[in-house]
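First up is the structure itself, then whatever we jot down about it.
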Amino acid sequence: MMIRVNVFGRSMSVRRVGEEWQLFNESQTGMRSRVYDVVIPPELAEDQLLSYLDDIYHEQASAQHPEVRLESK
């Protein structure tokens, strides 16, 4: 299952693989690249992902993009 999120204007996705969460940058051309420098704790529940990404990327918040939003599941 792939969860697409908008992280302060940046399109990203999160995928659960076994016991691991994997984070990806999504391009407008459909290309996906893995983000290795952010580790999502494996015990984090799906409903906690938006809050966690908000905590990690909060410096990127702006008046135009003030929050992390769910795009699709």
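Of note:
- The C-beta contact set for region 3-31 (first residue more than 14 Å from residue 65 (Cα to Cα) and free of Cβ contacts under 8 Å to residues at least 40 places away in the same chain, second residue open to solvent by less than 40 Å² (accessible area, probe 1.4 Å) and acidic (Asp, Glu), distance under 9 angstrom, 6+ apart or interchain) comprises 13/26.
- Any hit, region 25-32, residues being open to solvent by less than 80 Å² (accessible area, probe 1.4 Å) and among the hydrophobic types (A, V, I, L, M, F, W, C): no
- Residues of region 34-46 that are open to solvent by less than 60 Å² (accessible area, probe 1.4 Å) and over 12 Å from the mean Cα position of the chain (by Cα): 41, 44, 45.
- Region 47-65: number of residues that are over 11 Å from the mean Cα position of the chain (by Cα), within 12 Å of residue 6 (Cα to Cα) and among the hydrophobic types (A, V, I, L, M, F, W, C): 1
The values are calculated or read from the model by the stated rules, or taken from the named source; none is laboratory data. Keep in mind it's a predicted model, so treat the numbers as computed, not measured. Cβ sites come from the backbone with ideal geometry, for glycine too, and all protein chains shown count toward neighbours. Accessible surface areas use protein heavy atoms only, side chains included; no ligands, DNA or RNA. Shrake-Rupley method; radii C 1.70, N 1.55, O 1.52, S 1.80 Å.
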